[in-house]
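Have a look at the structure below, then the notes.
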Amino acid sequence: MSNIEDIVDALDKKISKVLQNQVVLKETNLKLSEELEHYHSTKKSQELEIDTWKEKYDTLKMANTILGSDEDKRDTKLKINALIREIDHCIGQLSE
């Protein structure tokens, strides 16, 4: 009988170790999930900031072109034409 009791005790100890490891792993998983969420939000805010800077850069580039710079003159004309078409389209929809 002593042999069976030893086996049961050893099994009980192993099960308690597994349960402890499970608790630790759950805590670690929760912590890592929170970190991941934090990094996702940081990445999203940085992407928004990059988009804002790109828009500012494009605006500055267009302003330089309008001021007489020969660089990107064609791009600016195309953008202005696209804006005019967009405005015409909006006016058309409003008049319907």
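Which one of these is surrounded by 10 or more Cβ atoms within 10 Å (Cβ to Cβ) and not small (Gly, Ala, Ser): ILE15, ILE4?
Of the residues listed, the single one that is surrounded by 10 or more Cβ atoms within 10 Å (Cβ to Cβ) and not small (Gly, Ala, Ser) is ILE15.
Scan region 12-33 and give yes if some residue there is under 30 Å from LYS77 (Cα atoms), part of a helix (DSSP H, G or I) and of a type in the set (Asp, Glu), otherwise no.
Checked region 12-33: no residue is under 30 Å from LYS77 (Cα atoms), part of a helix (DSSP H, G or I) and of a type in the set (Asp, Glu).
Can you confirm whether LYS44 is in a helix (DSSP H, G or I), basic (Lys, Arg) and within 25 Å of the chain's Cα centre (by Cα)?
Yes; evaluated as a whole, the condition is true for this residue.
Looking for something of a type in the set (Asp, Glu), outside any helix (DSSP H, G or I) and either in contact with a strand residue (DSSP E or B) (Cβ under 9 Å, 6 or more places away or on another chain) or at negative phi (or both) - is there at least one such residue anywhere in region 61-76?
Yes: one or more hits.
FYI, it's all coordinate maths here, none of it is from the lab. Because the structure is a prediction, the values reported are computed rather than measured. Don't worry about glycine lacking a Cβ; one is built from the backbone with ideal geometry, like all the others, and counts go over all protein chains shown.
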